[in-house]
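Beneath this line is the structure, given in structure tokens, with notes to follow.
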Amino acid sequence: VTEAPEGRERIVVIDDDYAMRLSCRQILARSGFEVETFEDGTQGLVGVAALKPSLVVVDLKMPGLSGMDVVRRVRDIDPEIVLVVITGYATIGTAVEAMKSGAYDFLPKPFKPEELRLIVARGLERRHLHRKTRQLEVERELMRRRFISFMTHQLKSPLAAIHQYLDVLQRLGDSPDVAGKRAEWLERCLVRTGQLRELIDDWLLLAKSEGSTLVARRERVDLRPVLEGVVASYEGRAGGAGVSVSAELPAAEYPVLADRNCVMVLFDNLITNAIDYNRRGGQVRVSARAEPGEVVVEVADTGPGIPAEAVELLFEEFFRVPPAATPGDGVDGGNAGVGGNGGRRWRGTGLGLPICKRIVAELGGGIEVESEVGSGSTFRVHLPAYREESGSREEAETSWA
Amino acid sequence: METRPTVLVIDDDADFRSSVQALLEGEGYAVEVAGGGRDGLRKLREHRPDVIVLDIMMESIVEGYVVNQAIKFQPDFEAYADIPIVMVSSIEESPDERFSRASELELVRPNRYLTKPLDIPLFLEVLAKVTRRRSAAT
């Protein structure tokens, strides 16, 4: 049941043996491939160049242009074409050589139809994987190029807004219209300055850790007071956004081996995200549990959720989940803005999650996200449990009670 | 009877809208504001402004260019195609760099391009010029 992963794929068979060409054609055509056959290397290469097949099956031992030459030249035509060489037992050495020149695999004669189908299916699968990877690399490169322009924008637009306020105040400060707005505008200047500072701090934190580490020490940190502290410090922000925050921490203590400052930054980021990317009347649930060797903390929100394609990019620098298409889309959404720029349409610095990922990785833990569009997201952090080195087992156990 | 020229400011930054609105009202313009492309196009039909100040709105996939293109080339907005557009952005990126093909560029090139923060005397001069030209033409 060899099915080409996308549509009908083309395969070229080059073999001087008529019976072999015929049987390859039959076997592969039955699997749904479009098959073209050629009886020697020279014609075969012309065919490959014209047909751009996904895969080429070539006999190594042919009169005229050898199979080895065909392998090399097909690689020149398009290195993404998968090459499978057919060889008699006597020429296994050559088959290995062909693989060194870029053939994907070889098939010793005589072979069963199933063997040909299997090797073709595997070869094509690898091709698709390879192409997908390359596509991702191209996207990443594009992102890198846009990065500078985007960073510039992120830094300059709050500055522009602040400058514009101050400039208008200075020029028209005496006019009653502007004078009446003075206090409000100054307040906005302070808010935007604060956001800009946050962005610069995040950016510097990441830039500094490039090549070095964020984690300065490894110590026993009880996550209970950390989580309770972060939750308490955002009650006001949550209330303003109409979001309720609760912590479910059944155990007395959640000791992990970590850096206190880093885990504070980590949960600070996750909890503010959960508040900001939420809906009015929504909830944020912070919970922790001890598992063998680790502590698992979940931060769950009831926000718009993250589309599957965005999940992969979530931990990339400056990636932010686009605001969901709401009825006010394109209009100044007017959501009771927490954080974010003046537009209130995008929130955060776009650096919070990359920082979280870095911290968790440095601590030897893990972070994952589960999300459903329309109902919310859950970020799950795994941190290594602190092991009492001097303390007794009983002590360790009672601390979990 | 002299009527005040109307400026439509389309920008996703609420702070920028506030300061520019106050500035322009102080200069005797009537000002309409919109925080996004869709709202902007709606206000365009409602108020038929004399000039549009349009931000690139980079955070929403260069929505500004889409708005510019819609006003100038879509049959739906034919009646508004002659309204001058002053495009503004905090980054000094000319559309020529973003759009490499000349045919694309023609679709997005604004009448005038200014960087943020706005140089207030220059901004007022540009607006005065385009609105005067329009009132002279009608």
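The values are calculated or read from the model by the stated rules, or taken from the named source; none is laboratory data. Small disclaimer: the values here were computed from a predicted structure and weren't measured. Neighbour counts run over all protein chains shown; Cβ positions are idealised from the backbone, glycine included. With ligands, DNA and RNA removed, areas are computed over all heavy atoms of the protein, side chains included. Shrake-Rupley method; radii C 1.70, N 1.55, O 1.52, S 1.80 Å.
State which residue is modelled with the lowest pLDDT when the search covers only the range B:107-138 and only residues that are among the charged types (D, E, K, R) and open to solvent by 90 Å² or more (accessible area, probe 1.4 Å). Restricting to residues being among the charged types (D, E, K, R) and open to solvent by 90 Å² or more (accessible area, probe 1.4 Å), the top hit is B:Arg109.
When restricted to residues that are closer than 12 Å to A:Ala238 by Cα, open to solvent by less than 10 Å² (accessible area, probe 1.4 Å) and outside any loop (DSSP other than H, G, I, E, B), the range A:277-299 contains 1. Among the residues of the range B:1-19, the one identified as in contact (Cβ under 8 Å) with a residue 60 or more places away in the chain and within 7 Å of chain A (Cβ to nearest Cβ) is B:Phe16.
Here A:His130 clears all of (1) in a helix (DSSP H, G or I); (2) open to solvent by less than 60 Å² (accessible area, probe 1.4 Å) except the condition numbered (2). Could you say whether any residue in the range B:35-52 is within 19 Å of A:Pro158 (Cα to Cα) and crowded, with 19+ Cβ neighbours inside 10 Å? Scanning the range B:35-52, I find at least one residue that is within 19 Å of A:Pro158 (Cα to Cα) and crowded, with 19+ Cβ neighbours inside 10 Å, so the answer is yes. Close contacts from the range B:50-62, counting a first residue that is at pLDDT 80 or above and a second that is open to solvent by 10 Å² or more (accessible area, probe 1.4 Å), with Cβ to Cβ under 6 Å and a gap of 6+ residues or different chains, come to B:Asp50/B:Pro5; B:Asp50/B:Thr6; B:Asp50/B:Thr131; B:Asp50/B:Arg134; B:Val51/B:Pro84; B:Val51/B:Val130; B:Val51/B:Thr131; B:Ile56/B:Val62. Taking the condition of a type in the set (A, V, I, L, M, F, W, C) and either away from chain B (no Cβ under 14 Å) or at positive phi (or both), does A:Leu227 pass? Judged against the criteria, A:Leu227 is a match. A:Phe106 fulfils the conditions (1) within 14 Å of chain B (Cβ to nearest Cβ); (2) not in a helix (DSSP H, G or I) except for a single criterion, (1). Can you tell me which residues in the range B:1-15 are under 16 Å from the mean Cα position of the chain (by Cα) and more than 19 Å from B:Val66 (Cβ to Cβ)? If the condition is that a residue be under 16 Å from the mean Cα position of the chain (by Cα) and more than 19 Å from B:Val66 (Cβ to Cβ), then B:Pro5, B:Thr6, B:Val7, B:Ala14 are the ones that fit. Exactly one residue out of A:Cys262, A:Cys189 is surrounded by 14 or more Cβ atoms within 10 Å (Cβ to Cβ) and over 30 Å from the mean Cα position of the chain (by Cα), and it is A:Cys189. Residues in the range B:21-46 that are facing chain A (nearest Cβ under 7 Å) and of a type in the set (Val, Ile, Thr): none.
Within the range A:149-194, count every residue that is part of a helix (DSSP H, G or I) and either at the interface with chain B (Cβ under 7 Å from one of its Cβ atoms) or free of Cβ contacts under 8 Å to residues at least 24 places away in the same chain (or both). Residues meeting the conditions: 32.
Restricting attention to the range A:361-401, the residues that are modelled with pLDDT under 90 and β-branched (Val, Ile, Thr) add up to 2.
In the range B:57-66, the count of residues that are crowded, with 22+ Cβ neighbours inside 10 Å, β-branched (Val, Ile, Thr) and more than 9 Å from every other protein chain (Cβ to nearest Cβ) is zero. Scanning the range A:54-88 for residues that are over 21 Å from A:Leu118 (Cα atoms), within 38 Å of the chain's Cα centre (by Cα) and open to solvent by less than 10 Å² (accessible area, probe 1.4 Å) returns a single hit, A:Val74. Of the residues making up the range A:192-212, one or more are open to solvent by less than 30 Å² (accessible area, probe 1.4 Å), within 20 Å of A:Gly364 (Cα to Cα) and at pLDDT below 85. Scanning the range B:67-86 for residues that are within 14 Å of another protein chain (Cβ to nearest Cβ) and surrounded by fewer than 22 Cβ atoms within 10 Å (Cβ to Cβ) yields one hit, B:Ala70.
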